[in-house]
Amino acid sequence: MGMAKGFGVTWRQMFRPRLTTEYPDAKRPKPERFHGRHVLNRYEDGMEKCIGCELCAGVCPAKCIYVRGADNPPDAPVSPGERYGFVYEINYLRCIHCDLCVEACPTEAITETKLFEFSFTNREDAIYTKAELLVDDDGRARRQPWELWMGDEDDHTSAWMRATSPSGDAEFEGRIAWSNELGFGERPAEPAQGPKASPDA
Amino acid sequence: MSAILAGDPLLSHGIDFEVVLIVIAKTVVVFALLLVLVMFYIWFMRKVIADMQNRIGPNNAGPWGILQTLADGIKFFFKEQSIPDTADRTVFRLAPYLSVVPAFLAFSIVPIGGKVSILGHQTYLQLADPPIGVLFLLMMSGIGLYGVMLAGWASGSKYPLLGSVRASAQLLSYEAAFGLSVVAVLLHAGTLSTRGIANAQAWTSWHSFVTDWYWSIAIVSFVIFVIAAIAETDHPPFDLVEAEQELVGGFHTEYTGIRFAIFFLAGFMNVITMSAIAVTLFLGGPSGPALGFLPKTGVVNVWLMPIFWFFSKLMVLLFGTVWIRASLPRLRYDQLMDLGWKWLIELAFLAVMVTAVVVVARDQGWERWIAVPAAFGGAILVLGLLRLCMPKADEAVSEVA
Ligand code: SF4
Ligand code: SF4
């Protein structure tokens, strides 16, 4: 009786442990290189990393980044270079979180966090401006009213950038090839980086 | 006149204000009870299925998520209701009610408890006890089909129409087996009244469970009843009417908002009503052992115990429906038709024949050990002959080709 066997299966399952994670009260750990929303990083001295070069805007396949650079005021420079990102906007109704902007950026200014729980109720909110993207004075992402994240979920802001840097290659193992970040100092390499790293690690 | 209307002793001494009041009170209570039962059943179903799939199920609204159904229902009220351009607007609006009202009416004949006295009036704990009880049930399940059919037709769209055509075909096919399986019980009990049937299965001692309740005496009819009832209520594995992969939502594809919810309400009401009817017909209704250490005429044994037994049995059957829902895959259309026409109707018919012989043998005082085997032998013979005459599946196909 195949049918009786089926009933047996469902009966037995009733007494097995539950697999549900009670989101949003509990969350499962996210993959190391998760692509969430962006932040604009700053150096440890508080200077902005973005130099307004528009490479990210140029590479973005969804055409959702809008950058305008401006010359640094000589007496109060915003970034260490000649120019800085004067306007920086990302439209999250278009962004596909491909991380190409992160790879294109020469100064590691734009990176992606693991924060993905932002559900806005109007289109204006979908466009994150520089005020919203730039990390605060502690180097942490700025929480918007419509974003839901908690604990240390905003710790991991530049994993993908570090993973794709030359140190991801076995030849560069142990050599740090990324700049320090405000609030975090010199970020360690991702665990999967190094000689043992494989595509599915 | 009152004898035709009802067997309830409440109505047998003329109708005065108090009687009307009691009837109104009963109506309200039964209606509320059915709604609460539906709420509870949906929550129960979701929880049990979640258990069977190693999930937690609803757990946010109220303790253990028990208010989830209420929350869903309230949400449905605030949803937009759209009517397609091609719809027949009047019928489209009417259809949900056509399917929910019979579902409720069918429940009104179910005996929920024993005979009690309210305000000095003797009455049964059931809304109505018409002498045509079981026929009324069959009528209501037939009328319930109109809701589905008209919904499909009035939607003016193809999938609802296909779904409602399926629904009609399915209900017609299984109505026959359903009716025949009930006949065996009627023959045994000798009455159509649900109260009479429940009384015929009264609890005398522990062996009543097997010797007096009809599930064991008419075991074949019981099995057929359960299968046919599941098919009648479009419950999985017979839910071809709303097979999503083929028909989007079936007859309710074009329905939104509270009208859509009413269809679901009717569907779940039907499941509960059918389970309650099965309890009445086959599991002794509210009968069960009383608490011996309490007075026989006390509140507990007159009021509570029968109600307790009724709901315990109902719960067992409702759990069964959920278990079936979680375990069995949906039937193919030809399997559905094969099962209904080639097996259930035939078997139900033979069960009626055997039952008739057994009942007549009992009444006439014939030798049981001759009559019963003879009846079974005859039944098997007829079944064999029928099987011989039936064209094989491939023959039928080649004939069509
Ligand atoms: S992640 Fe991709 S789509 Fe999003 S802004 Fe960067 S380049 Fe554009
Ligand atoms: S974020 Fe990077 S790539 Fe984009 S404008 Fe600034 S420096 Fe250039």
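The values are calculated or read from the model by the stated rules, or taken from the named source; none is laboratory data. Worth saying up front: this structure is predicted, and the values here are computed from it rather than measured. Cβ coordinates were reconstructed from backbone atoms using ideal geometry, including for glycine residues, and neighbour counts include every protein chain displayed. Surface areas here come from the heavy atoms of the whole protein model, side chains and all, with no ligands, DNA or RNA. Shrake-Rupley method; radii C 1.70, N 1.55, O 1.52, S 1.80 Å.
Under the condition of being touching a residue at least 40 places away in the same chain (Cβ under 8 Å) and either loosely packed, with under 15 Cβ neighbours inside 10 Å or within 11 Å of ligand 1 (Cβ to nearest atom) (or both), the residues counted in region A:66-87 number 1.
Every condition in (1) within 16 Å of ligand 1 (Cβ to nearest atom); (2) within 25 Å of A:Trp178 (Cα to Cα); (3) open to solvent by 60 Å² or more (accessible area, probe 1.4 Å) holds for A:Arg94 except the one numbered (2). Number of residues in region B:283-342 that are touching a Phe, Trp or Tyr at 6+ places or on another chain (Cβ under 8 Å) and of a type in the set (Gly, Ala, Ser) equals 7.
As a summary of the residue check, A:Cys101 satisfies the conditions (1) in contact with a helix residue (DSSP H, G or I) (Cβ under 7 Å, 6 or more places away or on another chain); (2) more than 16 Å from ligand 1 (Cβ to nearest atom) except for the one numbered (2). Only one of the numbered conditions (1) surrounded by fewer than 20 Cβ atoms within 10 Å (Cβ to Cβ); (2) within 14 Å of ligand 1 (Cβ to nearest atom); (3) within 24 Å of A:Cys53 (Cα to Cα) is not met by A:Asp136, and that is (2). Those strands (runs of 3 or more DSSP E) of region A:21-109 in which at least 3 residues are under 20 Å from A:Ser158 (Cβ atoms), considering only elements entirely within it, cover A:38-40, A:83-91.
The residues of region A:40-88 that are more than 22 Å from A:Ala141 (Cβ to Cβ) and among the charged types (D, E, K, R), listed by number, are A:Glu54, A:Lys63, A:Arg68, A:Asp71, A:Asp75, A:Glu82, A:Arg83.
Scanning region A:110-133 for residues that are part of a helix (DSSP H, G or I) and touching a residue at least 40 places away in the same chain (Cβ under 8 Å) gives A:Lys130, A:Leu133. Exactly one residue among B:Gly65, B:Gly73 is surrounded by fewer than 19 Cβ atoms within 10 Å (Cβ to Cβ) and within 14 Å of chain A (Cβ to nearest Cβ), and that residue is B:Gly65.
With the requirement that a residue be open to solvent by 90 Å² or more (accessible area, probe 1.4 Å) and of a type in the set (Phe, Trp, Tyr), what does region A:6-53 give you? Passing the criteria: A:Trp11, A:Phe15, A:Tyr23. Within region B:299-325, being more than 19 Å from the chain's Cα centre (by Cα) and either buried (at least 17 other Cβ atoms within 10 Å of the Cβ) or without any contact (Cβ under 8 Å) to a residue 12 or more places away in the chain (or both) holds for B:Val299, B:Val300, B:Asn301, B:Val302, B:Leu304, B:Met305, B:Pro306. Scan region A:103-127 for residues that are within 9 Å of ligand 2 (Cβ to nearest atom) and over 9 Å from the mean Cα position of the chain (by Cα) and jot them down. Scanning region A:103-127 gives A:Ala104, A:Cys105, A:Pro106, A:Thr107, A:Glu108, A:Ala109.
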